[in-house]
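Values in this text are rule-based calculations from the coordinates and carry no lab data. None of the values given here were measured: they were computed from a predicted structure. Note that we place each Cβ from the backbone using ideal geometry, even for glycine, and neighbour counts take in every protein chain shown.
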Amino acid sequence: MRLSDMTPARGARICAIAVTLALTGAQAWAQARAPGLRPAAESAEAGLWDIMDKAEAQARRSAEINSDPALNDYVRNLTCKVAQEYCSELRIYVMDRPFANATMAPNGYGEVWSGLLLRVESEAELAFVLGHEVSHFAENHSAEQLQARKVRQNLVLAASVGVAVVGVSAAAGATTYDGAQAILDATGNLIDALYLGAVAAHFRFSRENESEADRLGLARMAAAGYPAAAGPAMWRNTIGESASSDFERVRKRDARLGIFDSHPLTQERVKLLDVEAARLEVTGADEGRERLRAAIRPHLGRWLKDDLRRRDYGQTLFLIDRLARPETDLGVLEFYRGEAYRLRRHAGDEVLAEAAYVAASAHPDAPVALWRELGDLRKRRGDAAGARSAYETYLRLAPAAEDAWLVQDAMQAS
């Protein structure tokens, strides 16, 4: 066929045929994996595994990896509890990162971030999140998304061919400019949509994948002996934290479990989990609240300090309220409540910060630093005697502190 024989209508038909072939040539979606299987060496999924192998090696070298063997064993054992058939294949790393996030790669490499461990109120809630991620792994959702991206890429290529053909026909003078331009405009919009979809899908699961992981994750945690109601409770708390943000854009945006989750935690999604949880409910089951708190207690103060670095003090205060419900670790929690108010600096926050520091001081686990901060607050509001008393307590409890000389200077100036 000569270029001069190519009309816009024929070019459009070729574009449509190419798109149809791209769709019908796609392979079937990946199926749920059998334990112990690996993808064929020449497959596209094997390439994805290779990428994740490299990511895992980088995670092991990261300065953010948590080195507490007891905590890591706790999380790995709980993962195995909800994924018994895959236990030998899974490698879970606890990372000290102040965001609520957990991931499970198709090669069995997973991460649980400290921000998530702070936010789950019980072992049952953590089991649900781990069950959710394991379900992504078990159902080969990453392979499904890889296949979906391949289809989108084929569509982009097919549509591009159509654009090129129509463009050539217009250049050859076989049709009018207006007719060719209309087809180019329509196909160009399609390319934009497909390209953006392909980019967005790279690290994200579909809505159907997320719903399936919700349902299967709930079933896994219930089968492990946990109350199924903990699943939707976890989602509700996440929605509540987003609503408490200091930032309007966060409050208006739908809540998400993690930074890689593209699908919102809507009330409708939670209600569907409520129905499923009622069907699966395990009566008299232990939520494991004390076991979870015991596992994270050695890291509680450091993780809260990291959380404050996000500078969303409304969310941190919401988190501290939840952590304080069992009325344990109140010295640490009240101190960091005071820190959140001190750093936020809204009207009245200094008064709230001082009250939180005083509340923390009544508990044996209170950080010594509260006395220094209390002294600074009292000094700023002109309470010289109160400031001196707080500074003296700090120096008595921490005589070798690196900032002792600064506190002595502040005490003399008060």
Problem set entry | For the stretch 201-252, the Rg and Dmax computed from alpha carbons only, in angstrom | 14.2, 40
Exercise. Using the Karplus equation 6.51 cos²θ - 1.76 cosθ + 1.60 (θ = phi - 60°), what ³J(HN,Hα) coupling, rounded to whole Hz, does each residue of the stretch 121-127 give in order, writing x for Gly and Pro?
Worked result: 8, 7, 4, 4, 5, 5, 4
Exercise. For the charge dipole of the stretch 290-391, defined by +1 on Lys and Arg C-beta atoms and -1 on Asp and Glu C-beta atoms about the Cα centroid, which residue among 294, 323, 347 has the Cα displaced farthest towards the positive pole?
Worked result: 347
Exercise. What are the semi-axes of the equivalent ellipsoid of the stretch 329-396, taken as the square roots of 5 times the eigenvalues of the Cα gyration tensor, listed largest first and rounded to whole Å?
Worked result: 17, 16, 8
Exercise. Taking one equal scatterer on every alpha-carbon of the stretch 78-139, how large is log10 of I(q)/I(0) by Debye at q = 0.17, 0.21, 0.25 1/Å?
Worked result: -0.50, -0.76, -1.06
Exercise. Given H placed 1.01 Å from N in the peptide plane, which residues other than close sequence neighbours of residue 93 have an amide H under 5 Å from its amide H?
Worked result: 110, 111, 112
For this session: Output the relative contact order of the stretch 314-405, whole-number percent, from Cα pairs under 8 angstrom with separation of 6+ residues.
Result: 21 percent
Seminar exercise, completed: Inter-part gap, Cα centre of the stretch 49-66 to Cα centre of the stretch 302-343, in whole angstrom, is 30 Å
Exercise. About the Cα centre of the stretch 51-102, what is the dipole size in debye to 20, counting +1 per Lys and Arg Cβ and -1 per Asp and Glu Cβ, all else neutral?
Worked result: 80 debye
